[in-house]
Amino acid sequence: YHNPHFIGNRCVITHLMEWKYDDIGDECERFLGPYGYGGVQVSPVNEHAILDRRPWYERYQPVSYDLRTRSGDEQQFRRMVKRCNKAGVRIYVDIVLNHMTGGQSGQGTNGNHYNGITMQYPGVPFGPNDFHGHESCQTKDLEIHNYSDRNEARNCRLSGLRDLKQQSEYVRKKQVDFLNHLIDIGVAGFRSDASTHQWPDDLRSIYSQLHTLNKEFFPENSHPFIYHETIYYGGNGINSNEYTSLGRIIEFRFYKEITNVFRGNNQLRWLKNFGTEWGLVPSNDALVMIDSHDLRVGHTGKLGFNINCFEARLLKASTAFMLAWNYGIPRVMSSYFWNQIIRDGKDVNDWVGPPTDQHGNILSVHPNADLTCNHEWICEHRWRQIYNMVRFKMIAGQEPVRNWWDNGDYQIAFSRGSHAFIAINLQKNGDKNLRQRLHTGLPAGTYCDIISGDLIHNKCTGKSIQVDKNGLADIYVGHDELDAFVAYHIGARI
Ligand code: AAO
């Protein structure tokens with residue numbers, strides 16, 4: 001469950017939040033495949049509640065396991081999976097097994113009625129006996145109040161969401177069928193939503209009944225890749241290591257520590273031994289990110305601390321570190337535009353759903369010739385500084401971190417063996433420019449900086465360096481430049 005089943009040396013996932021399946025299929029063929037992305041996380045695919053104003057988070061309120069959302073129906077989902085696999089790009093589905101809807105009633109995206117008050121979900125079907133009640137949850141209002149309490153966190157309700165009793169064989173069977181349906185279609189794995197709120201043994205039992213991956217696209221006997229949302233920062237919270245035997249975990253300490261460093265609260269020089277020595281889980285157990293669908297709107301962490309698309313320079317630099325460092329499987333968030341208005345530390349528009357036409361249909365993505373998207377879709381995964389670092393990571397491969405240099409403060413540089421080299425400058429005081437003759441680890445030659453430009457027709461469109469026969473080069477990152485870093489690798493050498 002730890003292996004993402006990437007093709008070749010691909011190694012990065014992007015979350016195309018709320019994209020339509022047809023668009024994701026196009027994107028796999030025209031961009032993700034050619035530019036070396038390994039996979040796509042898609043927003044929840046099963047029927048969910050339709051809420052007022054159509055917030056993005058309605059997708060986290062399941063109504064049934066039928067495959068139909070505003071992103072498309074089952075046929076479109078199948079077509080996408082096939083096209084992406086053929087383009088060398090895997091599909092991972094965000095699965096919401098912990099709960100059904102909140103305490104309201106209405107219609108789901110496939111036309112099934114549901115009632116969260118009486119806990120009737122005829123589309124599955126689930127009834128009141130399939131949910132946790134006072135016999136297992138000790139809080140008066142059945143809500144989780146203490147997230148560190150194992151029983152409460154798993155047997156009570158997360159923000160009012162009706163909490164499924166996964167101890168019931170019937171409930172597990174319905175969920176196994178759902179996951180097997182997706183596996184048979186050809187997905188490579190799952191993001192497990194709200195994992196901390198489910199008992200590890202229940203998940204284990206569900207996973208033990210899963211099919212192996214579809215042989216049309218995967219080697220025989222491949223198991224789905226599963227990564228768990230376990231928000232753990234140490235202390236007495238529920239430890240994410242309770243889940244590492246089940247698959248990978250999303251290592252929130254990575255996001256928190258890296259954000260803290262790039263925000264200027266901790267010198268970059270300390271990153272020299274970043275990873276397990278900082279208390280993180282072993283690299284092979286981790287999936288990492290800088291931004292996510294929750295972080296960008298402060299549904300986890302804090303606005304002002306979290307880094308999202310509205311702070312592009314910081315997002316690019318921190319993402320570059322994530323992609324240059326050899327830890328975990330990185331996931332790049334790709335969002336859509338919303339009008340962020342922060343009041344009292346909260347974004348009043350934290351609910352805003354994907355761009356739609358006046359009938360509520362999600363808009364298609366029409367990229368520009370310069371590879372960027374239009375105003376509605378941010379497409380961080382198409383920013384040059386980011387997709388070129390995806391290539392950097394691919395070229396760095398399994399090479400170790402070497403040639404570490406720092407100025408004792410907010411400037412660092414390191415190589416990945418003799419394949420790639422990066423220098424980052426976030427210096428705030430004293431000599432703010434990074435100007436050094438450094439060991440790059442690279443073979444002699446002229447290299448293009450893949451951040452300020454590209455190698456095109458054997459010429460650098462941005463900056464370049466000369467590496468001498470000892471691997472030394474003059475590295476420069478001015479403090480006032482568009483980007484806070486430069487990056488070079490053997491794939492962009494003249
Ligand atoms: C919506 C409405 C609610 C309404 C509900 C039901 O917004 O007002 O009550 O419907 O009608 C998403 C949205 C929710 C939405 C939900 C359903 O974010 O707003 O509710 O869909 O439509 C916890 C969970 C974690 C969860 C996260 C948001 O543990 O699993 O909250 N993430 C996932 C998804 C998310 C989704 C759901 C789960 C539900 O990614 O998109 O919700 O399917 C503490 C806890 C964490 C907790 C965070 C939340 O963290 O430990 O477990 O996450 O708080 O902020 C310190 C502490 C640390 C603490 C942290 C805060 O560092 O050490 O423990 O601060 O960041």
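Proximity of backbone amide H atoms, modeled 1.01 Å from N, is registered between E311 and no other residue at under 5 Å, excluding neighbours fewer than 5 places apart on the same chain. Unpaired Cys in the chain, meaning no second Cys C-beta under 4.7 Å: C11, C309. Taking Cα atoms, how many degrees apart are the long axis of helix 169-185 and the longest axis of the chain, rounded to 10 and kept between 0 and 90? In the chain, helix 169-185 runs at an angle near 50 degrees to the longest axis. Note on R78/F305: beta-carbon distance plugged into 1/(1 + (r/R0)^6) with R0 of 51 Å gives a FRET efficiency of 0.80. The Cα center of the stretch 324-367 and the Cα center of the stretch 182-221 differ in position by 27 Å.
How would M119, M289 rank on accessible area, largest to smallest, probe 1.4 Å? Provide the component values of the computation, followed by the final result.
Details: M119 35, M289 0 Å².
Highest to lowest solvent-accessible surface, that is M119, M289.
In the structure shown, do any of K316/K463; K86/K215; K302/K428; K256/K302; K316/K393 have a Cα-Cα gap over 19 Å, and if so which? From the list (K316/K463; K86/K215; K302/K428; K256/K302; K316/K393), the Cα-Cα distance tops 19 Å for K302/K428. Subtracting the Cα-Cα distance of N236 and D454 from 0.36 nm times their residue separation leaves 73.8 nm of extension gain. Model label sites at Q107 and N339, defined 7 Å from Cα along the beta-carbon direction, differ in position by 2.9 nm.
Whose amide H sits under 5 Å from the amide H of I475, counting only residues 5 or more places off or on another chain, with H placed in the peptide plane? Under 5 Å from the amide H of I475: Q436, R437, L438. Straight-line reach from K140: taking Cα to Cα under 27 Å and skipping same-chain neighbours fewer than 8 places apart, the lysines in range are K165. In terms of its C-alpha gyration tensor, the chain has a prolate overall shape, because the principal axis ratio a/c (a ≥ b ≥ c, square roots of the eigenvalues) is not below 1.5 and a/b outweighs b/c.
If you sort the three axes of the alpha carbon gyration tensor as a ≥ b ≥ c, you get a/c of 1.5 or more for the stretch 401-489 and a/b no higher than b/c, which makes it oblate. The slack in the chain from N221 to N266, taken as 0.36 nm per residue of separation less the alpha-carbon distance, amounts to 11.7 nm. Remark: spin-label model distance W199-T118 equals 2.9 nm, labels positioned 7 Å along the Cα→Cβ axis. Over the heavy atoms of E220, what accessible area does a 1.4 Å probe trace out, to the nearest 10 Å²? Counting only protein heavy atoms, E220 exposes about 140 Å² to solvent. Mean separation of Cα pairs under 8 Å and 6 or more residues apart, divided by the residue count, gives the stretch 13-396 a relative contact order of 15 percent.
Simple point charges give the picture: +1 on the Cβ of Lys and Arg, -1 on the Cβ of Asp and Glu, and for the chain a dipole about the Cα centre of about 1080 debye. For a label point 7 angstrom out from the Cα of I7 toward its Cβ, which stretches of the stretch 320-342 have the backbone nitrogen within less than 13 Å? Counting backbone N atoms under 13 Å from the label point, the list is empty. Starting from 0.36 nm per residue, how many nanometres of slack lie between N470 and A444 once their C-alpha separation is accounted for? Working it through step by step, the gained length comes to 8.6 nm.
For the chain, the longest principal axis of the Cα atoms and the long axis of helix 384-396 meet at an angle of about 80 degrees. Mean separation of Cα pairs under 8 Å and 6 or more residues apart, divided by the residue count, gives the stretch 159-294 a relative contact order of 20 percent.
For the stretch 401-489, which whole-number percentage of the solvent-accessible area (1.4 Å probe, protein heavy atoms only) is attributable to carbon and sulfur atoms? Spell out each step's value before the answer.
Working: 1840 of 3890 Å².
Roughly 47 percent, rounded to a whole number.
Principal-axis analysis of the Cα atoms of the chain puts helix 74-86 at an angle of about 30° to the longest axis. Under the simplified labelling scheme, the H211-D184 pair shows an inter-label distance of 0.5 nm, with each label point 7 Å from Cα along Cα→Cβ.
Let me have the relative contact order for the stretch 401-489, percent, based on Cα pairs under 8 Å that are six or more residues apart. Don't skip to the answer; put the middle values down first.
Numbers: 214 pairs, mean separation 27.0, N = 89.
This gives 30 percent for the stretch 401-489.
Sorted largest first by accessible area at a 1.4 angstrom probe radius, with every protein chain in place, the residues D350, D163 fall in the order D350, D163. The largest accessible area among T276, T446 belongs to the first residue in T276, T446, and the rest follow in falling order (1.4 Å probe, all chains). Can you give me the solvent accessible area of K302 with a 1.4 Å probe, rounded to the nearest 10 Å²? Answer for K302: close to 140 Å² accessible.
The values are calculated or read from the model by the stated rules, or taken from the named source; none is laboratory data. None of these values were measured; they are calculated from a predicted model. Every residue, glycine as well, gets a Cβ built from its backbone with ideal geometry; the counts of neighbours run over all protein chains shown. Note: accessible area is taken over every heavy atom of the protein model, side chains too, but ligands, DNA and RNA are not part of it. Shrake-Rupley method; radii C 1.70, N 1.55, O 1.52, S 1.80 Å.
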